[in-house]
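Asks: First, the structure itself, so that you have it in front of you.
The values are calculated or read from the model by the stated rules, or taken from the named source; none is laboratory data. Source: prediction; values computed, not measured. Note: ideal-geometry Cβ built from the backbone for every residue, glycine included; neighbour counts use all protein chains shown. Protein only, heavy atoms only, side chains kept; ligands, DNA and RNA dropped before computing areas. Shrake-Rupley method; radii C 1.70, N 1.55, O 1.52, S 1.80 Å.
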Amino acid sequence: MPQQKDIVKIAIQMPGAYPQLIQLDQKKPLSAVIKEVCDGWNLLGPENYALQYADGVQTYITESGRCAEDLFKGIQSSDSGVRCDSLKELASVSTDMTFAQEFISRDGHLLLVKIVEESNDNVIMTHTLIAFMELMDHGIVSWENLSSVFIKKIASFVNDKPTDASIQQVSLDILESMVLSSHSLFLQVKQEVTLERLIAHLQVTNQQIQTKAMALLMALLQTAGDAHRQAMFDFLNKKNLRQYIYKNIIHSSGSVQDEMAHYLYVLQSVTLNHMEPRMRTPLDCYSQEQRDMLHHLRQAAFETDSENSLSHERRRSLCAKEFRKLGFSNNSNPGQDLVRTPPGLLALDTMDYFAERYPDAYSRFILENSSREDKHECPFARSSIQLTLILCEILRIGEPPSETGSDYHPIFFSQDRLLEELFCVCIQLVNKTWKEMRATQEDFDKVMQVVREQITRTLSSKPTSLELFKNKVNALNYSEILKLRQTERLHQEETLAPPVLELKERLKPELLELIRQQRLNRLCQGTMFRKISSRRRQDKLWYCRLSPNHKMLHYGDVEEDTENPPIETLQEKIPVADIKGLLLGKDCPHMKENKGKQNKVSRSSYYGHYEYTGCLLSVCCQFCLWTDGLSVLLGREMSSESMRSELEILLSMEIKLRLLDLENVPIPDSAPVVPKPPSNYNFCYDFSQTEQ
């Protein structure tokens, strides 16, 4: 009976045992063959054994090795069908690391390079390139040894228009890996692949081709040196790269996939990082160009026609005065304000751009704040320097692109000069927010924190144009920011674990008592009020304060320049025990007399059956302090908005302090069950026996 071609006779030996002669069915799984051999020797655990060649190179026999040998032979077959099927299977199994090692050990990757160089069949070429890419991805062999013929052939698939899409896609992938592997390959690929063709690939409808083209483009930009990178950027800007991306990728019918989002983020990061040198460079007081830019800011804001006729001292004094109006902290030497890095010279660039690009808005900003009261003017220069720093931090200028980042801004691809245009919108936002907050110089940091939040929240909504960003950020005014903060704080409270909520309730009485004491202490310090007369004149003043024992309210007329008069000088007094009630708002008779004065709040105290005193409080915090303090004296609950706000702040701080040691520790909704006591306590250690 003739022997089947898949069955061969082989001898198997093991030290300390008689050899076996078996008929090996090559179609049978290797694990089944090893099990049969182990059974012949009564060995347990066949998974712990393997077959090894006894002659020649004593390598272990694996399924991958056998498969690698078969495919290595198959791709060299003279039969085109067998060769094509073998390449197709090779492309599928090359993802396995063990197989790749076996196949490459036979120089199979070099055989694939030869097929690429010589073949013109699209189907064979597709399978060959995919298999080659999968094998090289394992990093077993270097990309350095590839021939120039192979590189030119791969580049031709990218440069030629009628190439098959599958071949183009994998060719772009191979070229990207080459560029990232070494500088010499970067130079070869840069020479062979035209940037114009890569831009053309971004305009096709095939998202995979777009993604791979962007991947190669980013690899070229990131690997290039400064000189090469600048030349490439100049060419890409000339060819309107960002407009193509904006139109064909961001505004395409399909959504932007994660991989493409990463490459858009990389392009944004690499482009914006061109500003890093200016951001890291302080102003040089000896640079005539930089000094001219500073004086241009002054001249653009103020009339300087008669300046040349002034003496040196008068001109110097005038310049210092105008630089102060511009908002420079060091008005005699404004360059000192730009020594800090970051933002360095970048702040000067943004201010100069605003003055040149939007001269009317620039002049309006300066003149409007020049006419405000002292301390209420919004300092343009100081705000601009801080705003430039904020924008650099938000846009992450100076940070290298992350390998996993994907947070790109669609607005970046709609503007040629994103940072400068954002600055021009946001510096006007600073002025608007400053007025909404009725800020003074002491509130500068607080205003800039709000502006940062306005910008960050608006950019997180991914506006696709500068106009859309402008509309959204201006709609997000100070009152909206406060509402959002309150909503988020309430949401955080809703998500607190039940034990934390219980702790919060237990802390409330103690903190409420703290607020009560603060209110009473404030009443003991006293407040100056404007007196209400029948003629509605408010030119007379009187002072009221609570006695240290909290039993008497002392008051009396005072002059306007009197500060904190001693309690002995206040001749009139009201026993707290005789106060019958406290009228607020519409219930107060003085509120009816002062209709139309919406910025005033009124209160009246009643002594016995007769109205004793009334006053207008134009400051909301004073109103809250006195209404809360009088409520405490009357034994009532405090109800002011200020009390509720302070209680929330104190509760939040106290909770955070108490839970400080439990950071990142999950808090269960209920206390864990206490385990049952042991059946006996015979596990104690008797030290007395040890001593004996």
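Asks: Does any residue in the range 462-486 that is under 30 Å from HIS251 (Cα atoms) come within less than 8 Å, Cβ to Cβ, of a residue that is aromatic (Phe, Trp, Tyr) six or more places away or on a different chain, and which pairs are these?
Replies: PRO463/PHE469
Asks: Any residue in the range 397-413 that is under 16 Å from GLY327 (Cα atoms), touching a residue at least 12 places away in the same chain (Cβ under 8 Å) and assigned to a helix (DSSP H, G or I)? Break it down into steps so the answer makes sense when it comes.
Replies: Pass one, the range 397-413, residues under 16 Å from GLY327 (Cα atoms): none.
Scanning the range 397-413 turns up no residue that is under 16 Å from GLY327 (Cα atoms), touching a residue at least 12 places away in the same chain (Cβ under 8 Å) and assigned to a helix (DSSP H, G or I).
Asks: Also, quick follow-up: For the range 78-132: of the residues being among the basic types (Lys, Arg) and free of Cβ contacts under 8 Å to residues at least 40 places away in the same chain, which is farthest from SER64 (Cα to Cα)? Steps first, please.
Replies: Narrowing the range 78-132 to residues among the basic types (Lys, Arg): 83, 88, 106, 114.
Going one step further and asking which of them are free of Cβ contacts under 8 Å to residues at least 40 places away in the same chain, we end up with 88, 106, 114.
Working: LYS88: 16, ARG106: 13, LYS114: 23 Å.
Only one residue fits best here, namely LYS114.
Asks: Here's another thing I want to ask about it. On the basis of being open to solvent by 10 Å² or more (accessible area, probe 1.4 Å), in a loop (DSSP other than H, G, I, E, B) and in contact (Cβ under 8 Å) with a residue 40 or more places away in the chain, does GLN203 make the cut?
Replies: yes
Asks: Being under 21 Å from the mean Cα position of the chain (by Cα), farther than 28 Å from GLU377 by Cβ and modelled with pLDDT of 95 or more is the requirement here; does LEU468 meet it? Please lay out each step first, then the result.
Replies: Values: under 21 Å from the mean Cα position of the chain (by Cα): yes; farther than 28 Å from GLU377 by Cβ: yes; modelled with pLDDT of 95 or more: yes.
For LEU468, the condition - under 21 Å from the mean Cα position of the chain (by Cα), farther than 28 Å from GLU377 by Cβ and modelled with pLDDT of 95 or more - is met.
Asks: Which condition does VAL149 not pass, out of (1) part of a helix (DSSP H, G or I); (2) within 29 Å of ASP234 (Cβ to Cβ); (3) of a type outside the set (D, E, K, R); (4) open to solvent by 60 Å² or more (accessible area, probe 1.4 Å), if it passes all the others?
Replies: (2)
Asks: Looking at the range 422-430, can you tell me whether even one residue there is open to solvent by 10 Å² or more (accessible area, probe 1.4 Å) and either touching a strand residue (DSSP E or B) at 6+ places or on another chain (Cβ under 9 Å) or at pLDDT 95 or above (or both)?
Replies: Yes; the residues of the range 422-430 include at least one that is open to solvent by 10 Å² or more (accessible area, probe 1.4 Å) and either touching a strand residue (DSSP E or B) at 6+ places or on another chain (Cβ under 9 Å) or at pLDDT 95 or above (or both).
Asks: Suppose we filter GLU373, GLU356, GLU303 for residues that are surrounded by fewer than 14 Cβ atoms within 10 Å (Cβ to Cβ) and under 25 Å from ASP284 (Cβ atoms); which single one remains?
Replies: Exactly one residue qualifies, and that residue is GLU356.
Asks: Is at least one residue of the range 435-445 in contact (Cβ under 8 Å) with a residue 12 or more places away in the chain, in contact with a Phe, Trp or Tyr (Cβ under 6 Å, 6 or more places away or on another chain) and not assigned by the TED database to the domain that holds GLU568?
Replies: For the range 435-445, residues in contact (Cβ under 8 Å) with a residue 12 or more places away in the chain, in contact with a Phe, Trp or Tyr (Cβ under 6 Å, 6 or more places away or on another chain) and not assigned by the TED database to the domain that holds GLU568: present.
Asks: In the range 451-463, what residues are surrounded by 16 or more Cβ atoms within 10 Å (Cβ to Cβ) and either more than 19 Å from GLN386 (Cβ to Cβ) or of a type in the set (A, V, I, L, M) (or both)?
Replies: Hits for the range 451-463 are VAL451, ILE455, LEU459, PRO463.
Asks: Does SER184 satisfy the condition of being closer than 27 Å to ASP164 by Cβ, part of a helix (DSSP H, G or I), of a type in the set (Gly, Ala, Ser) and assigned by the TED database to the domain that holds SER269?
Replies: Against the criterion (closer than 27 Å to ASP164 by Cβ, part of a helix (DSSP H, G or I), of a type in the set (Gly, Ala, Ser) and assigned by the TED database to the domain that holds SER269), SER184 does not qualify.
Asks: Oh, and also: Hey, can you tell me all the residues within the range 247-283 that are open to solvent by 50 Å² or more (accessible area, probe 1.4 Å) and touching a residue at least 24 places away in the same chain (Cβ under 8 Å)?
Replies: Correct list: HIS251, GLN257, ASP258, GLU259, HIS274, GLU276, ARG278, ARG280, THR281, PRO282.
Asks: Counting only residues that are open to solvent by less than 30 Å² (accessible area, probe 1.4 Å) and among the hydroxyl-bearing types (Ser, Thr, Tyr), which one in the range 78-116 is nearest to the chain's Cα centre (by Cα)?
Replies: Taking the candidates together, the pick is SER94.
Asks: Hey, any hits in the range 159-166 for a residue that's over 22 Å from GLN208 (Cβ atoms), assigned by the TED database to the domain that holds LYS88, out of contact with any Asp or Glu (no Cβ under 9 Å at 6 or more places or on another chain) and of a type in the set (Gly, Ala, Ser)?
Replies: No.
Asks: Farther than 30 Å from SER547 by Cα, at pLDDT below 90 and either open to solvent by 100 Å² or more (accessible area, probe 1.4 Å) or in contact with a His (Cβ under 6 Å, 6 or more places away or on another chain) (or both): which single residue out of SER670, SER679, SER652, SER688 fits that description?
Replies: Unique residue meeting the criteria: SER679.
Asks: Can you report the number of residues in the range 21-36 which are part of a helix (DSSP H, G or I), modelled with pLDDT of 85 or more and open to solvent by less than 70 Å² (accessible area, probe 1.4 Å)?
Replies: 3
Asks: Here's something else I'd like to know. Look through the range 560-570, keep the residues that are in a loop (DSSP other than H, G, I, E, B) and at pLDDT 85 or above, and return whichever of them is surrounded by the fewest Cβ atoms within 10 Å (Cβ to Cβ).
Replies: PRO566
Asks: List pairs: first in the range 14-30 and of a type in the set (S, T, N, Q), second open to solvent by less than 90 Å² (accessible area, probe 1.4 Å) and in a loop (DSSP other than H, G, I, E, B), Cβ under 8 Å, 6+ apart or cross-chain?
Replies: Hits for this filter: GLN20/TRP41; GLN26/ASP6.
Asks: Could you check ARG644 against (1) of a type outside the set (Val, Ile, Thr); (2) within 29 Å of the chain's Cα centre (by Cα); (3) open to solvent by 100 Å² or more (accessible area, probe 1.4 Å) and say which number it fails?
Replies: (2)
Asks: Failed condition for CYS319, given (1) more than 24 Å from CYS426 (Cβ to Cβ); (2) touching a residue at least 40 places away in the same chain (Cβ under 8 Å), with all others met?
Replies: Failing condition for CYS319: (2).
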